[in-house]
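Here the structure comes first, spelled out in structure tokens, and everything after it is commentary.
The values are calculated or read from the model by the stated rules, or taken from the named source; none is laboratory data. These figures come from a predicted structure and were not determined experimentally. A quick note on method: Cβ atoms are made from the backbone with ideal geometry, for glycine too, and the neighbour counts reach across all protein chains shown.
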Amino acid sequence: MSKKKIKVFVASTVYGYENELAAIYSQLDTYNYEVLNSHMGTVYAGAEKSNLDNCLAAVDECDAFLGIIWPQYGSGVIGETSITHEEVLKAIVAKKARWFLAHAYVPFTRQLLNHAEIVNKHTLKKIQSKDIIIRSNNLIDVRCIDIYNEVILDKVPVKERKGHWVHTFYDLPEMQKYIEGQFKNPEKVQKSIDYMNSLQNGR
């Protein structure tokens, strides 16, 4: 009897990153995982459910979760959050074994905004951060920083954080190197899955 494949859900903004997602799908498939990704057509599209509900059902179904945080927030915005954002939140709340990649623009912009002091060019008086609006631009959607903050558990005291590692990347080869290091050995991945399952069951 063949061993059941580990199901890995890949959560990511799609538009503009189709080639990267195809390459990551192929890489995980080579490692003998069952890969769930909406762009690749491997998330079940139940006619009785919305796109959001179908994607969240796939997060429930998966054993492991790989999230990619790009500078673009995503087009599937329902209400105030995107489908990808909701997938990430679901994985965290459900205590899924999870791994994350973030494009370098995201933590860079986060640090820049956290430590910036913006002043009026005429009076040189400090402008309060609550009064600053960063409009949509081609560099980054600042809502991606919200995802990043949730993934690193920034509201949790540092000593209490677990499962908050986010690996920074610039390009696809860097992404693939990280994925190789994390997923090439399914036995290691299964140990993480078993541990997170024990937390879900309160053991």
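A few points about this structure:
- Meeting the requirement of 3 or more residues that are within 15 Å of the chain's Cα centre (by Cα), the helices (runs of 4 or more DSSP H) wholly within the stretch 141-203 are 143-151, 172-183.
- Boolean, Thr81 is in contact with a helix residue (DSSP H, G or I) (Cβ under 9 Å, 6 or more places away or on another chain) and either among the basic types (Lys, Arg) or within 23 Å of Asn149 (Cβ to Cβ) (or both): yes
- Each residue in the stretch 5-30 was checked for being without any contact (Cβ under 8 Å) to a residue 60 or more places away in the chain and in contact with a Cys (Cβ under 8 Å, 6 or more places away or on another chain), and 1 pass.
- Matching option when the condition is of a type outside the set (A, V, I, L, M), assigned to a helix (DSSP H, G or I) and closer than 30 Å to Asn201 by Cα, among Lys90, Lys5: Lys90
- Enumeration of residues in the stretch 156-199 that are touching a residue at least 12 places away in the same chain (Cβ under 8 Å) and exposed (fewer than 11 other Cβ atoms within 10 Å of the Cβ): Tyr170
- First in the stretch 34-55 and closer than 18 Å to Lys90 by Cα, second anywhere and among the basic types (Lys, Arg), Cβ under 9 Å, 6 or more apart: Val35/Lys7; Leu36/Lys7; Cys55/Lys90
- For the criterion of being modelled with pLDDT of 95 or more and buried (at least 16 other Cβ atoms within 10 Å of the Cβ), Glu61 fails.
- Residue within the stretch 112-127 that is surrounded by fewer than 22 Cβ atoms within 10 Å (Cβ to Cβ) and either in contact with a helix residue (DSSP H, G or I) (Cβ under 7 Å, 6 or more places away or on another chain) or touching a residue at least 24 places away in the same chain (Cβ under 8 Å) (or both) present: yes
- One residue from Ser26, Ser2 being among the hydroxyl-bearing types (Ser, Thr, Tyr), surrounded by fewer than 14 Cβ atoms within 10 Å (Cβ to Cβ) and modelled with pLDDT of 95 or more: Ser26
- Set Arg98, Arg110: member being under 21 Å from Tyr170 (Cα atoms), outside any loop (DSSP other than H, G, I, E, B) and either modelled with pLDDT under 95 or polar (S, T, N, Q) (or both): Arg110
- Considered as a group, the residues in the stretch 49-87 that are in a strand (DSSP E or B) and small (Gly, Ala, Ser) include one that is nearest to Ser198 (Cα to Cα), and that residue is Ala64.
- Residues in the stretch 28-48 that are hydrophobic (A, V, I, L, M, F, W, C) and in a strand (DSSP E or B): Val35, Leu36.
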